[in-house]
Structures are given as C-alpha cells and as structure tokens.
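The values are calculated or read from the model by the stated rules, or taken from the named source; none is laboratory data. Keep in mind that this is a model prediction, so the values were computed, not measured. For neighbour counting, all protein chains shown are included, and Cβ atoms are generated from backbone atoms with ideal geometry for every residue, glycine included.
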Amino acid sequence: MSEYERNERLSEPDNPAIETQSETFHRIHFDIFTLFPSMFVGPFGESIIKRAIERALISICLHNIRDYTTDRHHVCDDTPYGGGGGMIMKPEPVVRAVETVLMRPAGWSLPPEDAYINLPEWNPDAPAPLPPDTPIILLTPQGRLLNQSLVVELARYRRLALICGRYEGVDERVRQIATDEISIGDYVLSGGELAAMVIVDAVTRLLPGALGYELGAHQDSHSPGLGGLLEGPQYTRPHTFRGESVPSVLVSGHHANIERWRREQALLRTLHRRPDLLAKAPLTEADIAFLRLHGWMPPPQPAPHREQINSTIIE
Ligand code: ADE
C-alpha cells in the first residue's frame, strides 16, 4: 500500500467493525472530511485509538475534500463575496465529498487513482438522499459546546460524519447538509481537524473494551458514573514521593471507606475547581452534608411558576 493510501485509510473497508455494525451498538465508523488527512495519522496511530481500530471497535475513513475537485488546480477555497480578508471554503467539493461517501456503505472511500478524474456521478443541483441515522457534524467555533453528555450522545450512533472546516470559514451553504454543528471550546482553531480528533478520542474511550479495563471510562471526570463531578486525586507507587505519602485510607484495604473517601475527594475537588458542576450533580443527603461542612451553599431553587402555585392552592 502506498504512503498516500495508508494516510487516507487508517482502516480498511473490509474492517469487521463495518461488516458487523448491526450486531452491537459499540462499533462506530467515522467518516472524516478534511483538506489535511495526514494530520490524523500520528494521533490515530497511537495508544487507545490505534488499539480500538485494531480491535475493530471503531473504524475511520479519512476523505480528502480536495480529491472531489474537478478543476485543473484543485481549488477548494475562494475570496468572500462582499470583500474582506481571508479565504472561504467552497461548497461544491465539501458537499460532493460528503454526499458521495455517505450514500455508500460505511467503509467506502474513493480509490486514490480516481481522485479528481474519475469521481462518481453527483448532482450539484439536488441534494442526495443521505442516511437519516448518521449525524453530519460540522466542526466550527459557532457550534454547540462539546461536553461529556454530548459525547455520550454521539457514542450511541453507528456512523458519524465529521466535516473539518478550514481557512476563515466555510461557505454558508455547506450548512445545508450538516445535521449538527459542534465546537470544542470558546476559542478559534485553525481548522476543525483537532476538534474532530477530540471527538473521536472522547467517543472511543466510552466504548466497552476500548480502555482495556473493566470499568473503562465509567469513573472519569464529567462521566455519568461520577454524576458529572471531577475525579479526586489518584496515587500509584511509590508510597512516599518527595515527602508526601499516599493517604492511609487507600492502603487500608477497607473498600467501603475507600469508596467514601473517593466520593468526598471528588466532591471537594469539584467544589474547589468547578462549583458550577455541583448544581447539576445528583447529590445524596450525605454528599450535601459533607459539602455544607466545607462551606458549600446549595443554589436557591428557582421560584415555582405562577400556574404551579395556583394548582397547588387548588389541590
Ligand atoms: N474550528 C475552529 N475552531 C473550532 C472550535 N473551537 N471547535 C470546533 N471546530 C473549530
């Protein structure tokens, strides 16, 4: 396989993750549309993502948007109407790439020798029928903010399409094919590629078997297993490092005490670093009592709506 092909296809079309998609919910195929497929080779070729691909938990096809241009210079961007600086991604190559790929089974990608010159037929004037169960996500700083519950939501799908915008933006008409827009934070990246990597990573680590230990991501910070709290401190050997020893409860062998300590440490860490998360966390009476001891005041409950007050009076 040539270097080009290796870069374009981190997973083969006959990857069992694709053939067996209907069997289990936890096999996901990612179609990533980008002008810079080689940006993904390093991050996807290491560690958890690499293992998840080898174990067929996920499969990834990188689609080079430029392959879907038909002009002599393979132009993907142009100056903005109305003037102003910067370049805007043209709609045709992106939309052509997304429609061509998503009309075909997961795992299909354009044979490299067909790029530019032997593209499948495509109608620029009419939208292609796209699979209704595949989110088509445009990565943009204008999208809804990624958080762990959105990651959990995305992990329920079998196939996800991620469109990486570049330059100063994408032509507004690309939004016609996007079913969702996601931002990974209130800052501007040079393109959606890093955001796509973040999504692939965060989704993949939720899949059973991806982390290689039983509980997986269940107790991660922000995860539902921890009620959306931050995870508390963790220790490994050596027992003492630079004069600081591991808390004695962790070496006590008393599992109930260890669990309670961990819960309290998660509560404390969240209180000190992200008190906003406590308002949404499902807290027990014991949690609330512990937090109050450390100075936390539960946020006031919103006043009941007038209709609720009335109905209470009538009852
Ligand atoms: N593209 C540029 N900035 C981005 C962001 N913050 N999130 C997602 N995609 C982006």
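Residues checked against (1) surrounded by 13 or more Cβ atoms within 10 Å (Cβ to Cβ); (2) in the same structural domain as Gly192 (by TED's automatic domain parsing); (3) at pLDDT below 95:
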site	(1), (2), (3)
Arg9	yes, yes, yes
Thr20	no, yes, yes
Glu23	no, yes, yes
Ile53	yes, yes, no
Cys61	yes, yes, no
For this session: Residue by residue through the range 175-202, note down the ones that are within 16 Å of the chain's Cα centre (by Cα) and more than 15 Å from the ligand (Cβ to nearest atom).
Result: Thr179
For this session: Out of the residues in the range 209-265 that are of a type in the set (Ser, Thr, Tyr) and not in a helix (DSSP H, G or I), state the one that is nearest to Pro275 (Cα to Cα).
Result: Ser221
For this session: Show the residue pairs that are 6+ apart or on different chains and have beta-carbon atoms under 9 Å apart, the first residue being within the range 160-187 and polar (S, T, N, Q), the second being part of a strand (DSSP E or B) and within 8 Å of the ligand (Cβ to nearest atom).
Result: Ser183/Leu139; Ser183/Thr140; Ser183/Pro141; Ser183/Gly143
Problem set entry | Matching option when the condition is within 16 Å of the ligand (Cβ to nearest atom), at pLDDT 95 or above and surrounded by 13 or more Cβ atoms within 10 Å (Cβ to Cβ), among Leu110, Leu130, Leu146 | Leu146
Exercise. Looking only at the range 46-94, which residues are under 26 Å from the mean Cα position of the chain (by Cα) and part of a strand (DSSP E or B)?
Worked result: Ile58, Ser59, Ile60, Cys61, Leu62, His63, Asn64, Ile88, Met89
Problem set entry | Filter result for Pro43 (crowded, with 18+ Cβ neighbours inside 10 Å, assigned to a helix (DSSP H, G or I) and not aliphatic (A, V, I, L, M)) | no
Exercise. Quick check: anything in the range 250-260 surrounded by fewer than 12 Cβ atoms within 10 Å (Cβ to Cβ), within 21 Å of His294 (Cβ to Cβ), acidic (Asp, Glu) and out of contact with any Leu (no Cβ under 7 Å at 6 or more places or on another chain)?
Worked result: yes
Seminar exercise, completed: With the first residue restricted to the range 216-234 and required to be in contact (Cβ under 8 Å) with a residue 40 or more places away in the chain, and the second required to be among the β-branched types (Val, Ile, Thr), Cβ contacts under 8 Å at 6 or more apart or on different chains are Pro224/Val152; Leu229/Thr270; Leu230/Thr270
Exercise. Looking at Val170, is it modelled with pLDDT of 95 or more, within 12 Å of the ligand (Cβ to nearest atom) and under 30 Å from Ile65 (Cβ atoms)?
Worked result: yes
Problem set entry | Residue count, the range 156-174 (criterion: crowded, with 18+ Cβ neighbours inside 10 Å, within 18 Å of Ala128 (Cα to Cα) and more than 17 Å from the chain's Cα centre (by Cα)) | 1
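Is it the case, given these coordinates, that Leu138 is in a strand (DSSP E or B) and either away from the ligand (no atom under 16 Å from the Cβ) or over 30 Å from Arg269 (Cβ atoms) (or both)? Lay out the reasoning, then the answer.
Values: in a strand (DSSP E or B): yes; either away from the ligand (no atom under 16 Å from the Cβ) or over 30 Å from Arg269 (Cβ atoms) (or both): yes.
The answer is yes for Leu138.
When you check Val198 against the structure, is it assigned by TED's automatic domain parsing to the domain that holds Glu153, assigned to a helix (DSSP H, G or I) and at pLDDT 95 or above, yes or no?
yes
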